[in-house]
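J.: Take a look at the following structure, please.
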Amino acid sequence: MDDRDIVVIGASRGGFHVLKMLVSQLPGDLPAAVFIVLHIGRHTSVLPDLLTSWGPLSARYATDGEMVERGTIRVAPPDRHLVLARGRAWLNDGAKENFARPAADPLFRSAALEYGSRVVGVVLSGDLDDGAAGLANIRAQRGFAIVQDPDDCEAPSMPRAALDSSGADLLCTESELPQCIQAALKRDPAARLVKGGHMNKQMFEQEARIAASGISSPEALDEVGERSGLTCPDCGGSLWRIKDDRPLRYRCHTGHAFTGLSLEEGIETRSEAALWSAVRAVHERVIFARERQRWAERAGNRAQIEIEQARIEEAERLAEVLRDAMQRTAITSE
């Protein structure tokens, strides 16, 4: 059986402090290469320098094409996906997944495809559900899955989504995480198994290759998904629902990908934007009608004054309807 020597970690809100504690407790001779995705978007960050200062392992941003090396920490740089292939780390500016770049899912998926059972995947505190599909990928390839206990997280959504999607081989608190990772590498963890669904291995491999290609043909997506009637919140393209729905996930032909919570967030955000756009348009109707009404008053056109007043009243009634709709939407999303 191959040694476990690849550790991939996904984190978002609340994950920064967990990473600080983790690297301070890992040994300098860790027999594994560690790769980290923290949702930082395009923002510059000194995270690698901090990780190096907090513990004995050397950390820096990954560089495109560098060899995978044990005893090191590599961090996904701002606005670049980090993936593993052919024994090397690679960076790309492909489509966002779950509205994130860097995102955990591309790293997890590529690690699972490249290294299989040698991978330890770790999902830490964070919002929404990035990492859920990726952890299912790792388990489909017989890798090992660790999830931070949601009750121990500042933001429990990512760990809960991961548990719902694939379960975990080990559930641990922040303070237990360094020992859990080292035990997983030695293949002797005290199992705290959380059962979950099992992703179809063949479907995962097909989807992973499509994801790696970036922009995909509709025919390729038809092989792994069904056209859903939904559109991509990022680009407006058609979305395919992946046939293996453990977890429920969607992909568009330009490469954007979503698991359930992220897509829900995108649809809600787009709906709210549409309502605000409608409110703006109706408000502009009122403003324009009042300007024309003033013009009619200067011209002494009584009939036009009454027409514009009727337009104002109609638009104000419509604006009230839209405000009520927005209020109901806000209550539903809470």
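The values are calculated or read from the model by the stated rules, or taken from the named source; none is laboratory data. Keep in mind that what you see is a predicted model, and the values were worked out from it rather than measured. Here Cβ is always computed from backbone atoms with ideal geometry, including for glycine, and neighbour counts include all displayed protein chains.
J.: Could you tell me whether segment 50-60 includes any residue that is touching a residue at least 12 places away in the same chain (Cβ under 8 Å) and farther than 24 Å from GLY28 by Cβ?
T.: No, segment 50-60 has no match at all.
J.: Of the residues that sit in segment 6-57 and are of a type in the set (Ser, Thr, Tyr) and modelled with pLDDT of 95 or more, which one is surrounded by the most Cβ atoms within 10 Å (Cβ to Cβ)?
T.: Our first condition is that a residue be of a type in the set (Ser, Thr, Tyr); within segment 6-57, this holds for 12, 24, 44-45, 52-53.
Of the ones still in play, those that are also modelled with pLDDT of 95 or more are 12, 24, 52-53.
Details: SER12: 26, SER24: 14, THR52: 15, SER53: 12.
Among them, the one singled out is SER12.
J.: Only one of these conditions is not met by GLY236: (1) without any contact (Cβ under 8 Å) to a residue 40 or more places away in the chain; (2) in contact with a Lys or Arg (Cβ under 9 Å, 6 or more places away or on another chain); (3) outside any helix (DSSP H, G or I); (4) closer than 17 Å to ASN98 by Cα. Which number is it?
T.: Among (1) without any contact (Cβ under 8 Å) to a residue 40 or more places away in the chain; (2) in contact with a Lys or Arg (Cβ under 9 Å, 6 or more places away or on another chain); (3) outside any helix (DSSP H, G or I); (4) closer than 17 Å to ASN98 by Cα, GLY236 violates only (2).
J.: Which condition number does ASP79 fail, the rest of (1) crowded, with 20+ Cβ neighbours inside 10 Å; (2) free of Cβ contacts under 8 Å to residues at least 40 places away in the same chain; (3) in a loop (DSSP other than H, G, I, E, B) being met?
T.: Every listed condition holds for ASP79 apart from (1).
J.: Another question about this same structure. Does segment 260-272 contain any residue that is in contact with a Ser or Thr (Cβ under 9 Å, 6 or more places away or on another chain) and more than 30 Å from GLY94 (Cβ to Cβ)?
T.: no
J.: Within the bounds of segment 15-36, is there any residue that is assigned to a loop (DSSP other than H, G, I, E, B) and under 20 Å from the mean Cα position of the chain (by Cα)? Before you say what the answer is, go through the steps one by one.
T.: Keep residues of segment 15-36 that are assigned to a loop (DSSP other than H, G, I, E, B), which gives 26-32.
With under 20 Å from the mean Cα position of the chain (by Cα) added as a condition, the list becomes none.
For segment 15-36, residues assigned to a loop (DSSP other than H, G, I, E, B) and under 20 Å from the mean Cα position of the chain (by Cα): absent.
J.: Checking ASP2 against (1) surrounded by 22 or more Cβ atoms within 10 Å (Cβ to Cβ); (2) touching a Ser or Thr at 6+ places or on another chain (Cβ under 9 Å); (3) under 22 Å from LEU113 (Cα atoms); (4) not hydrophobic (A, V, I, L, M, F, W, C), which test does it fail?
T.: Among (1) surrounded by 22 or more Cβ atoms within 10 Å (Cβ to Cβ); (2) touching a Ser or Thr at 6+ places or on another chain (Cβ under 9 Å); (3) under 22 Å from LEU113 (Cα atoms); (4) not hydrophobic (A, V, I, L, M, F, W, C), the lone unmet condition for ASP2 is (1).
J.: State the number of residues belonging to segment 58-68 that are out of contact with any Gly (no Cβ under 6 Å at 6 or more places or on another chain), crowded, with 16+ Cβ neighbours inside 10 Å and part of a loop (DSSP other than H, G, I, E, B).
T.: We begin by selecting, within segment 58-68, every residue out of contact with any Gly (no Cβ under 6 Å at 6 or more places or on another chain); these are 58-67.
After this cut, where a residue has to be crowded, with 16+ Cβ neighbours inside 10 Å as well, the list is 59-62.
Narrowing further to those that are part of a loop (DSSP other than H, G, I, E, B): 62.
The total comes to 1.
J.: Counting only residues that are assigned to a helix (DSSP H, G or I) and of a type in the set (A, V, I, L, M, F, W, C), which one in segment 115-146 is farthest from GLU205 (Cα to Cα)?
T.: Checking each candidate, the answer is ALA132.
J.: Just give me the residues in segment 82-94 being surrounded by fewer than 21 Cβ atoms within 10 Å (Cβ to Cβ) and either in contact with a Cys (Cβ under 8 Å, 6 or more places away or on another chain) or hydrophobic (A, V, I, L, M, F, W, C) (or both), in sequence order.
T.: ALA85, TRP90, LEU91
J.: Could you list, ordered by first residue, the pairs with Cβ atoms under 7 Å in which the first is in segment 199-212 and in contact (Cβ under 8 Å) with a residue 12 or more places away in the chain and the second is surrounded by 18 or more Cβ atoms within 10 Å (Cβ to Cβ) and among the β-branched types (Val, Ile, Thr), at least 6 apart or interchain?
T.: MET203/VAL224; GLN206/VAL224; GLU207/VAL224; GLU207/ILE242; ILE210/VAL224
J.: Within segment 93-103, does at least one residue satisfy the condition of being acidic (Asp, Glu) and out of contact with any Gly (no Cβ under 9 Å at 6 or more places or on another chain)? Reasoning before the result, please.
T.: As a first pass, look at segment 93-103 and keep what is acidic (Asp, Glu): 93, 97.
Then drop every residue that is not out of contact with any Gly (no Cβ under 9 Å at 6 or more places or on another chain), which leaves 93.
Checked against the condition, which is being acidic (Asp, Glu) and out of contact with any Gly (no Cβ under 9 Å at 6 or more places or on another chain), segment 93-103 yields at least one hit.
Residues are listed down the side, and each one gets a yes or a no for (1) touching a helix residue (DSSP H, G or I) at 6+ places or on another chain (Cβ under 8 Å); (2) closer than 30 Å to LEU128 by Cα; (3) modelled with pLDDT of 90 or more:
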| site | (1), (2), (3) |
| --- | --- |
| LEU230 | yes, yes, yes |
| CYS235 | no, yes, yes |
| ILE242 | yes, yes, yes |
| HIS253 | yes, yes, yes |
| HIS256 | no, yes, yes |
| VAL279 | yes, yes, no |
| ALA289 | yes, no, yes |
| ARG298 | no, no, yes |
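J.: In contact with a Lys or Arg (Cβ under 6 Å, 6 or more places away or on another chain) and closer than 20 Å to LEU135 by Cα: which single residue out of ASP79, ASP5, ASP105 fits that description? Step through it out loud before you land on a result.
T.: Working: ASP79 fails: closer than 20 Å to LEU135 by Cα; ASP105 fails: in contact with a Lys or Arg (Cβ under 6 Å, 6 or more places away or on another chain).
On inspection, the qualifying residue turns out to be ASP5.
J.: Which one is farthest from ALA257 (Cα to Cα), of the residues in segment 95-120 that are polar (S, T, N, Q) and crowded, with 24+ Cβ neighbours inside 10 Å? Even if it seems obvious, please write down each step before you answer.
T.: Narrowing segment 95-120 to residues polar (S, T, N, Q): 98, 110, 117.
From what is left, the residues that are crowded, with 24+ Cβ neighbours inside 10 Å are 98, 110.
Working: ASN98: 6, SER110: 15 Å.
Checking each candidate, the answer is SER110.
J.: Another question, if that's okay. For GLU314, state whether it is assigned to a helix (DSSP H, G or I), among the acidic types (Asp, Glu), closer than 30 Å to GLU268 by Cβ and within 39 Å of the chain's Cα centre (by Cα).
T.: Taking the combined requirement at face value, the residue does not satisfy it.
J.: Which numbered condition trips up ALA95, out of (1) touching a residue at least 60 places away in the same chain (Cβ under 8 Å); (2) touching a strand residue (DSSP E or B) at 6+ places or on another chain (Cβ under 7 Å); (3) over 26 Å from CYS180 (Cα atoms)?
T.: Checking ALA95 against (1) touching a residue at least 60 places away in the same chain (Cβ under 8 Å); (2) touching a strand residue (DSSP E or B) at 6+ places or on another chain (Cβ under 7 Å); (3) over 26 Å from CYS180 (Cα atoms), the one that fails is (2).
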